[in-house]
Amino acid sequence: MSTGESPNHKKGQPGLVQAALSGLCPRCENATLFEAPARIALKCKSCQLDFTGLERGGRLAGLVTVLIAAALIGLATVIDMKIAPPFWLQVLFWGPVTIASVIAVLRLYKTALLYRQFEVQTQEGPAAE
């Protein structure tokens with residue numbers, strides 16, 4: 001099993017990382033999962049799958065963001081102590097890195113949770129939708 005695949009990953013389907021980066025719907029695999037960089041859409045525009053019932057654990061997104069911030073602060077502190085770059089260079093570097101990191105990790109986190117919930121509902125049967 002390669003990185004980013006779930007145990008139920010079928011041949012030809014994208015892995016979790018590709019699904020998160022592209023915003024692929026778990027049912028039809030069209031790029032309709034996100035309506036904003038890190039916000040899940042209400043439903044798929046192609047197959048009309050309702051994402052609101054699938055999005056679980058959204059409250060922990062704040063904790064994920066805090067963990068990313070802590071890791072980036074630690075990394076910035078180490079770089080500042082070892083290299084001591086000028087402040088303006090740090091702002092130019094860490095601003096975009098922070099934004100990109102938070103968006104990327106939140107997309108991966110939210111996609112993983114949504115895909116897992118979709119797998120659970122699919123295994124329970126069509127009445128679960």
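The values are calculated or read from the model by the stated rules, or taken from the named source; none is laboratory data. Since this is a predicted model, take the numbers as computed values, not measurements. Please note: Cβ atoms are built from the backbone with ideal geometry, for glycine as well, and neighbour counts cover all protein chains shown. Ligands, DNA and RNA are stripped out before the accessible areas are found, and what is left, the full protein with its side chains, is counted by its heavy atoms. Shrake-Rupley method; radii C 1.70, N 1.55, O 1.52, S 1.80 Å.
Could you check, for the range 26-34, whether at least one of its residues is modelled with pLDDT under 95, within 27 Å of residue 123 (Cα to Cα) and loosely packed, with under 11 Cβ neighbours inside 10 Å?
In the first step, residues of the range 26-34 are kept if they are modelled with pLDDT under 95; the result is 26-34.
Subsequent filtering for residues that are within 27 Å of residue 123 (Cα to Cα) retains 26-34.
With loosely packed, with under 11 Cβ neighbours inside 10 Å added as a condition, the list becomes none.
The answer is no; no qualifying residue exists.
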> Just one of 75, 67, 106 is of a type outside the set (Ser, Thr, Tyr) and within 20 Å of residue 15 (Cβ to Cβ); which is it?
Replying inline: 106
> Scanning for something under 19 Å from residue 109 (Cβ atoms), hydrophobic (A, V, I, L, M, F, W, C), at pLDDT below 90 and open to solvent by 70 Å² or more (accessible area, probe 1.4 Å), does the range 46-57 turn up at least one residue?
Replying inline: no
> So how many residues does the range 85-102 have that are open to solvent by less than 70 Å² (accessible area, probe 1.4 Å) and without any contact (Cβ under 8 Å) to a residue 40 or more places away in the chain?
Replying inline: 9
>> Any residue in the range 32-53 that is within 16 Å of residue 103 (Cβ to Cβ) sitting within a Cβ distance under 6 Å of a residue that is open to solvent by 70 Å² or more (accessible area, probe 1.4 Å) and of a type in the set (Asp, Glu)? List the pairs, counting only those 6 or more apart or interchain.
In response: 40/55; 41/35
> If you check residue 114 against the conditions, is it hydrophobic (A, V, I, L, M, F, W, C) and either open to solvent by less than 40 Å² (accessible area, probe 1.4 Å) or at pLDDT below 90 (or both)?
Replying inline: yes
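Just to be sure, is residue 63 aliphatic (A, V, I, L, M), closer than 26 Å to residue 22 by Cβ and in contact (Cβ under 8 Å) with a residue 60 or more places away in the chain? First the steps, then the outcome.
Values: aliphatic (A, V, I, L, M): yes; closer than 26 Å to residue 22 by Cβ: yes; in contact (Cβ under 8 Å) with a residue 60 or more places away in the chain: no.
The answer is no for residue 63.
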